[in-house]
Amino acid sequence: MLAKARELLYVVFDDMAEDDWQHSLGGMHTMVFDGDVIVGHASVVQRRLIHLDTPLRTGYVEGVGVHPTLQGRGIGGRMMAELEPIIDRAYEIGALGASDAAVDFYRNRGWVRWQGRSYALTPNGVVRTPDEDDGIFVWPSGHPINIEGDITCDWRDGDVW
């Protein structure tokens, strides 16, 4: 089943890389089927984000994709409606890196665009990630958070955010 979800994401995203798929693994998945064909996939994986010097157990949303012929029909919303309660129950906050095309989708669901600076913990220390500043969204999940502060993600291969 996960192999079919991987195939779907390679259809959805022109720039999909193996690291991107690997980031989607190890958490909870939600999938939408049309018959026995997967037409939507999303997952939430655990990460650590650091905000105001406090590490936060974070439900990080990955691999959100809907087959191009079915986009705009509510499939993405159905998948996020499954993942958001998981984030509420199991994590201090939720986070994701949104593509430009998905910004309105996440904002309309109540996700909040991060206003502060972004960083990553890397093998070479903490490194600024300014290209990510406009694409990071958080799901506060009842945890008080200052969206204008700095935020730092843990290290991983490929795109850190």
So, first residue among the aromatic types (Phe, Trp, Tyr) in region 115-131, second residue modelled with pLDDT of 95 or more and assigned to a strand (DSSP E or B), Cβ within less than 8 Å, six or more apart or across chains; the pairs are Tyr119/Val126; Tyr119/Val127; Tyr119/Arg128; Tyr119/Ile151; Tyr119/Thr152; Tyr119/Cys153
For region 74-81, check the following and say yes or no: at least one residue is modelled with pLDDT of 95 or more and at positive phi.
yes
Any pair with Cβ under 7 angstrom, 6 or more apart, that starts in region 140-152 at a residue that is on the phi < 0 side of the Ramachandran plot and ends at one that is hydrophobic (A, V, I, L, M, F, W, C) and assigned to a loop (DSSP other than H, G, I, E, B):
Asn146/Leu52; Ile147/Trp114; Gly149/Leu52; Ile151/Trp114
Looking at (1) of a type in the set (A, V, I, L, M, F, W, C); (2) more than 22 Å from Gly158 (Cβ to Cβ); (3) in a strand (DSSP E or B), which is the one condition that is false for Ala42?
(2)
Qualifying position, being buried (at least 20 other Cβ atoms within 10 Å of the Cβ) and either within 25 Å of Glu18 (Cβ to Cβ) or among the β-branched types (Val, Ile, Thr) (or both), among Ala102, Ala95:
Ala95
In region 27-43, which residue that is among the hydrophobic types (A, V, I, L, M, F, W, C) and touching a Ser or Thr at 6+ places or on another chain (Cβ under 7 Å) is surrounded by the most Cβ atoms within 10 Å (Cβ to Cβ)?
Ala42
Considering every residue within region 58-74, establish whether at least one is among the acidic types (Asp, Glu) and farther than 16 Å from His41 by Cα.
no
Examine region 112-129 for a residue that is modelled with pLDDT under 95 and more than 24 Å from Gly26 (Cα to Cα), and state whether such a residue exists.
no
Taking region 56-105 and keeping only residues that are closer than 20 Å to Pro144 by Cβ and among the polar types (S, T, N, Q), one is left with Thr58
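The values are calculated or read from the model by the stated rules, or taken from the named source; none is laboratory data. It should be emphasised that the depicted structure is a prediction, and the values quoted were computed from it without experimental measurement. Note that we place each Cβ from the backbone using ideal geometry, even for glycine, and neighbour counts take in every protein chain shown.
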